[in-house]
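Please read the structure below before turning to the comments.
The values are calculated or read from the model by the stated rules, or taken from the named source; none is laboratory data. Note that the structure is predicted; figures quoted are calculated from it, not measured. Here the Cβ is made from the backbone with ideal geometry for all residues, glycine too, and neighbour counts use every protein chain on show. We work out accessible area using only protein heavy atoms, side chains counted, and drop any ligands, DNA or RNA first. Shrake-Rupley method; radii C 1.70, N 1.55, O 1.52, S 1.80 Å.
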Amino acid sequence: MVDKSELLRVPVFADLPDDQIAWFISHSQELHLKPGESYLRQGDPADAMFVILEGLLQGRGELGGETIVFNLNPGAVTGLLPFSRMKQFTVSGRAETDSRALRFPASLFPELIQRMPELTKRLVGLMSDRIRETTRLEQQQDRLASLGKLSAGLAHELNNPASAAKRAASQLRNILKKIRDASLELGKRDLSSAQKLEIEKLEGSFTQQDVVPPDALTMSDLEDQIDSLLRSHGQNDLWLLAAGLARRNIKPEVVESLFANLDGDTARAALVRIAASVEVASLLQEIESSTTRISDLVGAIKEYTHMDQAPVQNVDVVRSLETTLTILNHKLKHGVVVQRDYQRIPFLVNSFGSELNQVWTNIIDNAIDAMHGKGELRIRTYRDDGCVVVEIGDDGPGIPIEVQPHIFEPFFTTKGVGEGTGLGLDTVQRIVKKHRGSIQFSSRPGETRFQVWLPLAGSPT
């Protein structure tokens, strides 16, 4: 038999009148559980509330496709609570040690509400805490799923320039050896000051200027002309050198001037060094371009996640949109054309960290998926009284009419398991409302458009 003092030690029952405690005990079933014994099963009708008196129990269930495990100690209350709309238990529970619990039937909840109003109020608070914690876990899983999806694309985006820089750095070793060998060869020659100056002048002019490569046809013609010229001077093994000079748009007459002013072997050594220096300049340009791309991506990631920034701050909406587009470039670059129509004034919104970026990510990601990665993405910003309006549209097939009423419902999705970012439009709506804004959409074949209203920083609410 359960003693009243045991139940009074449970926080939600503390300080309740003895007659109420006695009534609750008399209408409850005392459970004696052995290790491994179940007291509720996932999927069974939700028909009882459980109060843990002694021992250790464990709950196990699923949330967002992930298994969650939690412990229940003496004083915990679990199962169905008054006013809950749960129809079936969402978790399974079993004893880890010898345990005792009270099972109170849901059929008596109406009478409990009448007899024990203070307990009812505490149980409602407990249910609210449970809902908040579940929502927090769901949102955390949403963010992790979103981050996982984005990380895969970002890894690919970072790998491309990193590989290019590594490849260029590796090639530099071989080119520098060519320069060293050619310089040693030239050092053996008895060159006049004018000849040395001419070689250095040519080398400097070819390596310092930022040359735009000619088109493919012009480059092929240049390569053939330079190769023919070199062969006419007995240099039959410098065809690779001819290709490199053509890429830098170097004219045949410049090459001819070397052979006009120098003997054949000296001109060859000078040309090899000049060509190697030209290649070094190209590789350095490639490394600079690649590392700049990496730096830009890292900057975009920091901007996207609001690292090193205050949790609440004024955020430039257009900059936030552009950061999101940079993060999603791995999905955009294969066939999505982005049309921008930004009003030419800064729109600042008081935002909670990176939450606005999560909104843009979800809407844009959904648009890309709807277009199957190929189509036109339209982004527009404009002012409407004290709000900025962000409009994101696509030319995909549209949202089916039967689906439209449900897209903001929690857990609703038309995507398969593992698709999308895992951040639902219900979460998008919550974030927008958290920012005192609103969201609406319109959709028909060939045009789906989401509009987000957000109050501008400093505007009256």
Requested in this report: Could you tell me which numbered condition Ile407 fails, if it satisfies all but one of (1) closer than 19 Å to Ile368 by Cβ; (2) at pLDDT below 85; (3) open to solvent by less than 40 Å² (accessible area, probe 1.4 Å)?
Outcome: (2)
**Report entry** Unmet requirement for Asn174, which otherwise passes all of (1) under 43 Å from the mean Cα position of the chain (by Cα); (2) outside any helix (DSSP H, G or I); (3) of a type in the set (S, T, N, Q)
**Finding:** (2)
Report summary line: Exactly one of Ile199, Ile179 is under 23 Å from Leu284 (Cα atoms), modelled with pLDDT of 85 or more and not charged (D, E, K, R), and that one is Ile179
Query raised in the report: Considering Ile52, Ile68, Ile25, which residue is buried (at least 18 other Cβ atoms within 10 Å of the Cβ), in contact (Cβ under 8 Å) with a residue 12 or more places away in the chain and assigned to a strand (DSSP E or B)?
Result: Ile52
Query raised in the report: Could you say whether any residue in the range 419-428 is at pLDDT below 95 and over 21 Å from the mean Cα position of the chain (by Cα)?
Result: no
Report summary line: Of the residues in the range 441-452, those that are open to solvent by 50 Å² or more (accessible area, probe 1.4 Å) and under 24 Å from the mean Cα position of the chain (by Cα) come to Phe441, Arg449
Requested in this report: Give Ser232, Ser257 a once-over and let me know the one that is open to solvent by 50 Å² or more (accessible area, probe 1.4 Å) and of a type in the set (Ser, Thr, Tyr).
Outcome: Ser232
Requested in this report: Run down Gly59, Gly36, Gly79, Gly43 and say which single residue is farther than 25 Å from Met1 by Cβ and open to solvent by less than 20 Å² (accessible area, probe 1.4 Å).
Outcome: Gly59
Report summary line: Residue set Asn329, Asn314; condition surrounded by fewer than 19 Cβ atoms within 10 Å (Cβ to Cβ), in contact with a Leu (Cβ under 7 Å, 6 or more places away or on another chain) and either over 18 Å from Thr427 (Cα atoms) or of a type in the set (A, V, I, L, M) (or both); output residue Asn314
Report task. Note down all Cβ pairs under 9 Å where the first residue falls in the range 297-309 and is under 18 Å from Ala155 (Cβ atoms) and surrounded by fewer than 15 Cβ atoms within 10 Å (Cβ to Cβ), the second is acidic (Asp, Glu) and at pLDDT below 70, and they're at least six residues apart or on different chains. Result -> Lys302/Asp308
Requested in this report: Write out, first by first residue and then by second, each pair whose Cβ atoms fall under 7 Å of each other, whose residues are 6+ apart or on separate chains, and whose first residue, in the range 85-97, is among the basic types (Lys, Arg) while the second is open to solvent by 70 Å² or more (accessible area, probe 1.4 Å).
Outcome: Arg94/Glu37
Requested in this report: From Leu222, Leu262, Leu230, Leu217, grab the single residue that is farther than 22 Å from Lys177 by Cα and out of contact with any helix residue (DSSP H, G or I) (no Cβ under 9 Å at 6 or more places or on another chain).
Outcome: Leu217
Query raised in the report: Of the residues that sit in the range 429-452 and are part of a helix (DSSP H, G or I) and of a type in the set (A, V, I, L, M), which one is farthest from Val389 (Cα to Cα)?
Result: Ile431
Query raised in the report: Out of all the residues in the range 391-400, is one or more under 21 Å from Lys434 (Cβ atoms), at pLDDT 85 or above, surrounded by fewer than 17 Cβ atoms within 10 Å (Cβ to Cβ) and among the charged types (D, E, K, R)?
Result: yes
Requested in this report: Determine, yes or no, whether Ser205 is at pLDDT 85 or above and of a type in the set (Ser, Thr, Tyr).
Outcome: no
Report summary line: Going through (1) in contact with a Phe, Trp or Tyr (Cβ under 6 Å, 6 or more places away or on another chain); (2) part of a strand (DSSP E or B); (3) within 25 Å of Glu157 (Cβ to Cβ) one by one, Val389 fails only at (3)
Query raised in the report: Restricting to the range 182-218, what's the tally of residues that are without any contact (Cβ under 8 Å) to a residue 40 or more places away in the chain and surrounded by 16 or more Cβ atoms within 10 Å (Cβ to Cβ)?
Result: 1
Report summary line: When the range 28-49 is checked residue by residue, the ones that are part of a strand (DSSP E or B) and of a type outside the set (Phe, Trp, Tyr) are Gln29, Glu30, Leu31, His32, Leu33, Ser38, Leu40, Pro45, Ala48, Met49
Report summary line: The lone condition Glu223 fails out of (1) over 21 Å from Lys201 (Cα atoms); (2) loosely packed, with under 13 Cβ neighbours inside 10 Å; (3) at pLDDT 85 or above is (2)
Requested in this report: Would you be able to say whether some residue in the range 13-24 is among the β-branched types (Val, Ile, Thr) and in contact with an Asp or Glu (Cβ under 7 Å, 6 or more places away or on another chain)?
Outcome: no
Requested in this report: Could you check, for the range 205-228, whether at least one of its residues is within 22 Å of Ala260 (Cα to Cα), of a type outside the set (A, V, I, L, M, F, W, C), out of contact with any Pro (no Cβ under 9 Å at 6 or more places or on another chain) and not in a helix (DSSP H, G or I)?
Outcome: no
Query raised in the report: What pairs come up if the first residue lies in the range 142-166 and is closer than 15 Å to Thr326 by Cα and of a type in the set (Gly, Ala, Ser), the second is modelled with pLDDT of 65 or more and open to solvent by 40 Å² or more (accessible area, probe 1.4 Å), and their beta carbons are under 9 Å apart, counting only those six or more places apart or on different chains?
Result: Gly153/Asn329; Gly153/Lys331
Query - Residue tally, condition free of Cβ contacts under 8 Å to residues at least 60 places away in the same chain, farther than 15 Å from Leu241 by Cα and hydrophobic (A, V, I, L, M, F, W, C), over the range 254-281 - result: 2
